[in-house]
Number of protein chains: 4
Amino acid sequence: MTIRVLVWNEGVHESTQPDIAAIYPAGIHGAIAEGLTEVLGDDVAVRTATLADPEHGLSEDTLAQTDVLLWWGHIAHDQVDDEVVARVQRHVLSGMGLLVLHSGHFSKIFTRLLGTTCSLNWRNEGERELVWTVAPTHPIAEGVEHPIVIEHQEMYGELFDIPTPDDLVFISSFTGGEVFRSGVTFTRGHGRIFYFSPGDQEYPVYFHPQIRRVLANGVRWANPAARPAVDRSIPAVANPDREWYLSR
Amino acid sequence: MTIRVLVWNEGVHESTQPDIAAIYPAGIHGAIAEGLTEVLGDDVAVRTATLADPEHGLSEDTLAQTDVLLWWGHIAHDQVDDEVVARVQRHVLSGMGLLVLHSGHFSKIFTRLLGTTCSLNWRNEGERELVWTVAPTHPIAEGVEHPIVIEHQEMYGELFDIPTPDDLVFISSFTGGEVFRSGVTFTRGHGRIFYFSPGDQEYPVYFHPQIRRVLANGVRWANPAARPAVDRSIPAVANPDREWYLSR
Amino acid sequence: MTIRVLVWNEGVHESTQPDIAAIYPAGIHGAIAEGLTEVLGDDVAVRTATLADPEHGLSEDTLAQTDVLLWWGHIAHDQVDDEVVARVQRHVLSGMGLLVLHSGHFSKIFTRLLGTTCSLNWRNEGERELVWTVAPTHPIAEGVEHPIVIEHQEMYGELFDIPTPDDLVFISSFTGGEVFRSGVTFTRGHGRIFYFSPGDQEYPVYFHPQIRRVLANGVRWANPAARPAVDRSIPAVANPDREWYLSR
Amino acid sequence: MTIRVLVWNEGVHESTQPDIAAIYPAGIHGAIAEGLTEVLGDDVAVRTATLADPEHGLSEDTLAQTDVLLWWGHIAHDQVDDEVVARVQRHVLSGMGLLVLHSGHFSKIFTRLLGTTCSLNWRNEGERELVWTVAPTHPIAEGVEHPIVIEHQEMYGELFDIPTPDDLVFISSFTGGEVFRSGVTFTRGHGRIFYFSPGDQEYPVYFHPQIRRVLANGVRWANPAARPAVDRSIPAVANPDREWYLSR
């Protein structure tokens, strides 16, 4: 069954900075969407949305028809409406997959789902990033080179203030010697979350074939249709049908 | 060094329902505070605060002088001010310990730190609860009977919608046959969190010697002074002192 | 692609105790194999092997053609040849799935893979066991009732001396009030391991439709073909192809 | 109470290779023992033992008087007697702490406790190793620089074939760009295990003040006296005292 994907991007850099627009002519969301279709073909139906859209393009109806949401943001986290964030959180807890990318570590949706500051160390000197797989049998690592070599990237380094992840899939190193838990997974409610740090507005990382492969793997992994169909209404009140246990 | 403890209770049941006040004449917070002092003696200095206090008794100054906060709430979660919740969260992420008790599973502070609904199954029939230790070398299990027997309790049952805990310390069963992960720990930022489900306004659970022992153990375990003194300002910007790695 | 399953049973009870043979006329392995075929149909090709077979039916050639191995043993753990155990361990580390059942907790293969005593508390009084799902989106919980009711079973209770599992899928309670982590998963090397406690020679548990469902789910989950094809030779020596990183 | 520490070293390099003996004149065990005493002073009583000693210096009596054992081995893993390994494993499961160092990753005791190959990638070119803390509130990270800088070291790189650790405390990077989970903890039975990779016979790593600090922290953390006194006989048979639960 086709995976319904929505790529969300704040879309501010591309519309205000010509040098960024030159790197991502179709927007960061456009490059990501293109990459997913390239790798997954007919297995996926990809739409995009941005901050400027009505309700940021994240209406109840749109989310109800989304299996996996990808999130890219950087300088406009504050402009995302709290009500929309609560709506996205509810959908994740109900089973929608979520991929949070790069500077999305500081997004409202990510910090709300994890509960921590999600802060990290950084430096932008165009260093080489090597992305090493530490969980080779994890579906997200399928067919991924060990390491992925990204010639020029912003450095993200520890300490990354996140809860202990369910799975640590990738660890990156940088020219400067820093390390970073660059691919980590979390489960929240019925939803799967994958954070992946490579990707920046100043570097063409989302055109990198290996990065596209990882994102495609992440979409497959986070797709709720690939897991048991659970009753999305988690029991929060006593179930009369179970009372018989008491009376046995 | 004395552990500075603050026991917070919404304090609504005791002030509006005479039958509850009869069970907890000094309030639920009073019973908990008494128990901590009983077990820990001079190792602890215990204060209390309630919803009705100015700023709910959780001012910046008070929190700055608190090592471990205990939280009991039930029917007034909505009345807790969002600003105060954000303040408590900030202190937990900076290292303050937090014990969340029983119906506090639905408190704003707990759901904010965990990111999930924290819902569960329940039934109030005064059933026997058995609390089994599954992590016998965990400091919170020190000197605790296996199992703890609570003659009459509200049933809390799975599914408990929480992230995978760092440590699963206790699992409870009830007369009706239900099970519950009744003692679980989480780390968020520099702070340690312990959720413990036994305890209800309708039963004198907080006078139970074994329950008092567990809470005292939890306070010791969550005390930040017992752990490395970390720089509470998690690095969120590039550190110029580290630039030399790049130039080496 | 068909999953190649091998059900291993020591097969001692059935051949020496008529009362057990009456419960499991085709052997415990026969009942398990029948159940897997019943649920999975053509998706699975099931063979069986027992202690009495040459090399216990676990030759290098047989294991090389096995995707998932199920293991049931009880009173003859000591009679399993150490060389065969080492061989099975090697195959698990290389990716073969392993389901360890009930009293198999004390088997050589399970204790070797986990490193602990794997001891537990027990009592055989034919009590009712309730198996509760605590990870509803886990593939092993797909389509499973909450709880599974087993009318008569041997009690297995905590403390279960195992390392912290990767996933805690099921927790059981018993008439006597004990609890047990009855469904737990581990990853060792490239192989997935699922331990599931329900099942005993004195009770017809392996004919229970829900238990059969869980075992079938476990086989699907542990099947290495469902995960990335990894190079089974984990790198243990320097890779000359990587030397260029040093010289860059 | 004084922590009784035993530093075990196979001691082969120092006695057969003059260049190694020049680096570690008192043996690797001597340097480690000196470092522990330097940092911990009277809090610790340190003895040493080597492969050449009767029973490798690991008699039942010696282990019974050991709180924490440190293990260094490299080229003589095969010469360690299986019976002694089983004895050490039993003591770890009963609560004795264990620190496994550097090339000890391939030791019999480590692979037996973890169940995996414990293999890794390596290259010996005297590269700079940076050891980054990713769990700043972990007791083992107390007072440790971020990062520790080791000017010359053997490279250990991923994939490190271990089970998911309880705690990931340190991640290292190397001049060549490789990364490694260099500080990881495990619990097995009642015992705590800490693996720490820095340390090699060809480099004076065990004289590095920061490495000495980490090992001292590890000893404190693994000391069973710092945790609840558990009944070391894990229940493996039915306890008649619990039968009353059934009859209630």
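No value in this document is a laboratory result; all are computed from the given coordinates. No experiment lies behind these values; they were computed from the predicted model shown. Every residue, glycine among them, receives a Cβ derived from its backbone with ideal geometry; neighbour counts consider all protein chains shown.
Closest approach of a chain C beta carbon to the axis mapping chain C onto chain A (residue, whole Å): C:ASP166, 4.
Charge dipole of chain A (Cα centre as origin; +1 on each Lys and Arg Cβ, -1 on each Asp and Glu Cβ, all else neutral): 920 debye, rounded to the nearest 20.
Placing unit charges on the Cβ atoms of the charged side chains and taking the dipole of chain D about its Cα centre, the candidate lying farthest along the positive direction among D:ALA226, D:TRP8, D:VAL68 is D:ALA226.
Assuming charge only on the beta carbon of Lys and Arg (+1) and of Asp and Glu (-1), the dipole of the protein assembly as shown about its Cα centre is about 0 debye to the nearest 20. The fewest-to-most ranking of C:ILE28, C:ILE193, D:ILE20 by surrounding Cβ atoms within 10 Å reads D:ILE20, C:ILE193, C:ILE28. Taking Cα centre as origin and charging only the Cβ of basic (Lys, Arg, +1) and acidic (Asp, Glu, -1) residues, the dipole magnitude of the range C:86-159 rounds to 660 debye.
For the protein assembly as shown, the percent of C-alpha pairs falling in each 20 Å distance bin, counted from 0 to the bin holding the largest distance, reads 13, 45, 37, 5, 0. If R₀ is 56 angstrom, what is the calculated FRET efficiency for the pair B:ALA64 and A:ASP42, using the beta carbon separation as r and rounding to 0.05? So the FRET efficiency works out to roughly 0.45. Reported to the nearest whole Å, the Cα centre-to-centre distance from the range B:104-166 to the range C:30-85 is 39.
Annotation for D:ASN124, label-to-label distances across the other copies: 4.4, 5.6, 7.0 nm (shortest first, one decimal, point 7 Å from Cα along Cα→Cβ). With label points set 7 Å from Cα along Cα→Cβ, the inter-copy distances at A:GLU202 are 3.8, 6.1, 7.1 nm, sorted shortest first.
For D:THR16 and C:ASP78, what is the calculated FRET efficiency with R₀ set at 45 Å and r taken between the beta-carbons, to the nearest 0.05? Write down the numbers at each step before the final one.
Details: r = 40 Å, r/R0 = 0.90.
Efficiency, from the Cβ-Cβ distance: 0.65.
The same position B:ARG47 in the other copies lies at 5.1, 5.3, 7.2 nm from this copy, comparing label points 7 Å beyond Cα toward the beta-carbon, shortest first.
Nearest 500 deg cm²/dmol is fine: what mean residue ellipticity at 222 nm does chain D get from its DSSP H runs of n ≥ 4 alone, each adding -39,500 (n - 2.57), divided by its residue count? Write down the numbers at each step before the final one.
Details: 8 runs with 68 residues, N = 248.
-7500 deg cm²/dmol, from helical runs alone.
Footprinting exposure proxy ranking of D:TYR195, C:TYR24, fewest other C-beta atoms within 10 angstrom first, gives C:TYR24, D:TYR195. 3J(HN,Hα) along the range C:41-54: x, 6, 6, 9, 10, 10, 10, 10, 8, 9, 3, 6, 5, x Hz, from the Karplus curve 6.51 cos²θ - 1.76 cosθ + 1.60 with θ = phi - 60°, whole Hz, x for Gly and Pro.
Counting other beta carbons within 10 Å of each Cβ, put D:PHE186, C:PHE170 in order, fewest first.
Working: D:PHE186 24, C:PHE170 28.
Going from sparsest to densest Cβ surroundings: D:PHE186, C:PHE170.
Of the residues D:SER172, D:GLN153, D:TYR203, the one whose Cα sits farthest towards the positive end of the charge dipole of the range D:125-211 is D:SER172 (charges of +1 on Lys and Arg Cβ, -1 on Asp and Glu Cβ, taken about the Cα centre).
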